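Asks: My questions all concern the structure below.
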Amino acid sequence: PIIKKQNFLGSAMVVGGGIAGIHASMDLADSGFYVYMVEKSSAIGGVMAALDKTFPQMIAHLNPGPQLVESARHANIEIVTNATVQEVSGNAGNFTVMVRKQPRYVDEEKCTACGVCASYCPVPVPDPYDENLSHRKAIHIPYTQAAPSAYTVDPHHCLFLNKQECKQCTRTCAAEAINFDQRPEVLTYQVGALILSPGFSIFNHKREGVYRYAESANIVSGKEFERICCAS
């Protein structure tokens with residue numbers, strides 16, 4: 001792995017890019033601190049981005065959209081996606097955090113999110129954002145307002161990464177943003193504070209016998225119902 005070191009003691013790290021992590025990052029950034037927001041998936045937003053409407057105002061699920069865009073553009077926030085914390089040492093005021101970042105295989109700076117690559121990709125994959133009720137392609141963007149606004153390659157289903165075949169996305173990308181030479185990186189950060197906002201685990205409703213979920217197509221989970229209700 002490539003090892004990079006970033007030293008900035010006047011900074012903080014927020015682990016988790018859900019709605020709680022986004023708000024924490026914005027509060028810190030607006031107060032003048034530099035923030036590293038570390039998210040394990042390829043985009044921030046978490047569960048909130050998949051909800052259709054939220055109580056009590058019953059606002060559509062795009063409600064967190066402005067925060068997503070603002071945090072992605074904020075001069076004091078650096079979003080580190082496809083990344084997980086491997087090790088933490090030090091103490092309050094001086095933490096050393098080792099982060100392992102997996103490749104996206106797409107250059108975030110070059111990608112225009114035009115979607116042409118996905119339209120030519122021949123590999124359909126069940127879409128976890130839609131609770132596997134629909135399909136996406138092996139190269140995809142998690143959802144419409146995803147931040148960073150860049151496509152990512154699914155390493156488990158990409159034909160080139162697994163069989164050295166295809167590369168349709170590379171041939172059709174006018175921005176030349178796709179880079180299969182990207183490798184995992186180990187990034188070491190020195191920060192003054194850490195905030196952990198890892199989110200939550202959803203109840204495993206697929207266990208045998210639970211609420212007879214497996215016995216009827218008319219029995220759905222709360223999150224599946226959210227996606228079914230969503231107009232998009």
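The values are calculated or read from the model by the stated rules, or taken from the named source; none is laboratory data. Remember, predicted model here, so these are calculated numbers, not experimental data. Heads up, the Cβs are rebuilt from the backbone with ideal geometry, glycines too, and the neighbour counts pull from every protein chain shown. Side chains included, ligands, DNA and RNA excluded: accessible areas come from the protein's heavy atoms. Shrake-Rupley method; radii C 1.70, N 1.55, O 1.52, S 1.80 Å.
Asks: Please go through segment 80-127 and give me each residue that is under 20 Å from residue 155 (Cβ atoms) and of a type in the set (A, V, I, L, M), ordered by number.
Replies: Within segment 80-127, 80, 83, 99, 106, 113, 118, 123, 125 meet the criteria.
Asks: So, in segment 139-154, exactly how many residues are of a type in the set (Gly, Ala, Ser), open to solvent by less than 40 Å² (accessible area, probe 1.4 Å) and farther than 12 Å from residue 104 by Cα?
Replies: Looking only at segment 139-154, we keep the residues that are of a type in the set (Gly, Ala, Ser), and these are 146-147, 149-150.
Narrowing the set further to residues that are open to solvent by less than 40 Å² (accessible area, probe 1.4 Å) leaves 146-147, 150.
From what's left, farther than 12 Å from residue 104 by Cα: 146-147.
Matching residues across segment 139-154 total 2.
Asks: For segment 196-203, state whether one or more residues are at pLDDT 95 or above, of a type in the set (A, V, I, L, M) and open to solvent by 40 Å² or more (accessible area, probe 1.4 Å).
Replies: The initial filter retains those residues of segment 196-203 that are at pLDDT 95 or above, namely 196-197.
Pick out the ones that are also of a type in the set (A, V, I, L, M) and you get 196.
Imposing the further condition that a residue be open to solvent by 40 Å² or more (accessible area, probe 1.4 Å) reduces the set to 196.
Yes - at least one qualifying residue is present in segment 196-203.
Asks: So which residues in segment 25-79 are assigned to a strand (DSSP E or B) and either out of contact with any Asp or Glu (no Cβ under 9 Å at 6 or more places or on another chain) or modelled with pLDDT of 85 or more (or both), if there are any at all? Give the steps one after another, and end with the answer.
Replies: So the first thing to find is which residues in segment 25-79 are assigned to a strand (DSSP E or B), and the list is 34-38, 44, 53-54, 59-60, 77-79.
34, 35, 36, 37, 38, 44, 54, 59, 77, 78, 79 - these are the residues of segment 25-79 that are assigned to a strand (DSSP E or B) and either out of contact with any Asp or Glu (no Cβ under 9 Å at 6 or more places or on another chain) or modelled with pLDDT of 85 or more (or both).
Asks: Against the conditions (1) buried (at least 17 other Cβ atoms within 10 Å of the Cβ); (2) modelled with pLDDT under 90; (3) of a type in the set (D, E, K, R), where does residue 130 fall short? Just the number, please.
Replies: All conditions are met except number (2).
Asks: Something else about it: Filter segment 155-187 down to residues that are of a type outside the set (D, E, K, R), more than 30 Å from residue 85 (Cα to Cα) and open to solvent by 90 Å² or more (accessible area, probe 1.4 Å), then give me how many there are.
Replies: 2
Asks: Just checking, does segment 5-19 include any residue being of a type in the set (Val, Ile, Thr), modelled with pLDDT under 95 and touching a helix residue (DSSP H, G or I) at 6+ places or on another chain (Cβ under 8 Å)? Working first, answer last.
Replies: So the first thing to find is which residues in segment 5-19 are of a type in the set (Val, Ile, Thr), and the list is 14-15, 19.
Next, from what is left, pick out any that are modelled with pLDDT under 95: 19.
After this cut, where a residue has to be touching a helix residue (DSSP H, G or I) at 6+ places or on another chain (Cβ under 8 Å) as well, the list is 19.
Yes, some residue in segment 5-19 is of a type in the set (Val, Ile, Thr), modelled with pLDDT under 95 and touching a helix residue (DSSP H, G or I) at 6+ places or on another chain (Cβ under 8 Å).
Asks: Still on this structure, I have one more. Would you check which residues across segment 116-158 are under 20 Å from residue 230 (Cβ atoms), among the aromatic types (Phe, Trp, Tyr) and part of a loop (DSSP other than H, G, I, E, B) and list them?
Replies: Within segment 116-158, 143 is the sole residue that qualifies.
Asks: Determine if segment 205-221 includes at least one residue that is open to solvent by 40 Å² or more (accessible area, probe 1.4 Å) and under 21 Å from the mean Cα position of the chain (by Cα).
Replies: For segment 205-221, residues open to solvent by 40 Å² or more (accessible area, probe 1.4 Å) and under 21 Å from the mean Cα position of the chain (by Cα): absent.
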